[in-house]
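Here the structure comes first, spelled out in structure tokens, and everything after it is commentary.
The values are calculated or read from the model by the stated rules, or taken from the named source; none is laboratory data. Only a predicted model underlies this, so the values are computations on that prediction, with no experimental measurement involved. Cβ placement follows ideal geometry from the backbone for every residue including glycine, while neighbour counts extend to all protein chains displayed. Side chains included, ligands, DNA and RNA excluded: accessible areas come from the protein's heavy atoms. Shrake-Rupley method; radii C 1.70, N 1.55, O 1.52, S 1.80 Å.
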Amino acid sequence: MIRIVVFASGSGTNAENIINHFSNSGKAIVTNVLCNNPTAKVFDRCEKLNVPCSLFEKDTFFKENTVLHFLQQEKTDFIILAGFLWKIPKNILEAFPNKIINIHPALLPKYGGKGMYGMHVHNAVKANNESETGITIHYVNENYDEGAIIFQAKTTLSSEDTPDTIAAKIHVLEQKHFPKIIEEVILKNE
């Protein structure tokens, strides 16, 4: 059984979708969710789903090996970033080469990089009057949103779209594609 740990920072809708997708797959399981935000709604979602969700702080992530040791202890095979906002430190990147997958709410390389997440992305897409946007699922490297692209899905936009309607369209794409693409990637690596 492939063991997945999800990192999240917010509401946890993608984490919940991934947990549900793999709950009866027989191929992989989400063993834990790790979160860097003590007020994140992902804790409530994990409690309902009976999946352990642990809080960690900046120092234990960037200056110590605490999180890395936890991942190794749990025999983690893949790390999935589901709305996780911190850059992954070098020690974890080196321990999990091509085993860390992120989703970004835009068609990279557009609207990527530090500070480009959530509504910041949707506001920028709207401000530039884009005719389409989408999601990018990619491997994680040492730079924000620059890892090799695994998959992209697009949605068209009209002049009537607002940042909120753009966010809703992106959410639909995330829910539809993210768990399936994760499954394809991890099964290829078996």
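Scanning region 164-190 for residues that are open to solvent by 30 Å² or more (accessible area, probe 1.4 Å), under 11 Å from residue 105 (Cβ atoms) and over 14 Å from the mean Cα position of the chain (by Cα) gives a single hit, 169. Restricting 29, 2, 88, 92 to those that are aliphatic (A, V, I, L, M), over 21 Å from residue 183 (Cβ atoms) and over 14 Å from the mean Cα position of the chain (by Cα) reduces the list to 92.
Find all pairs meeting these conditions: Cβ atoms under 6 angstrom apart; at least six residues apart or on different chains; first residue within region 49-66 and part of a strand (DSSP E or B); second residue surrounded by fewer than 13 Cβ atoms within 10 Å (Cβ to Cβ). Final answer for the pair search is 55/38. If the condition is being of a type in the set (D, E, K, R) and either open to solvent by less than 90 Å² (accessible area, probe 1.4 Å) or at positive phi (or both), then region 28-50 contributes 44, 45. Can you work out which of the residues in region 114-135 that are within 12 Å of residue 155 (Cα to Cα) and of a type in the set (Ser, Thr, Tyr) is surrounded by the fewest Cβ atoms within 10 Å (Cβ to Cβ)? Once the filter is applied, the top-ranked residue is 131.
Restricting attention to region 67-80, the residues being open to solvent by 50 Å² or more (accessible area, probe 1.4 Å) and either among the hydrophobic types (A, V, I, L, M, F, W, C) or part of a strand (DSSP E or B) (or both) number 1.
Reported count of residues in region 144-160, each being assigned to a loop (DSSP other than H, G, I, E, B) and either open to solvent by less than 60 Å² (accessible area, probe 1.4 Å) or closer than 16 Å to residue 173 by Cα (or both), is 4.
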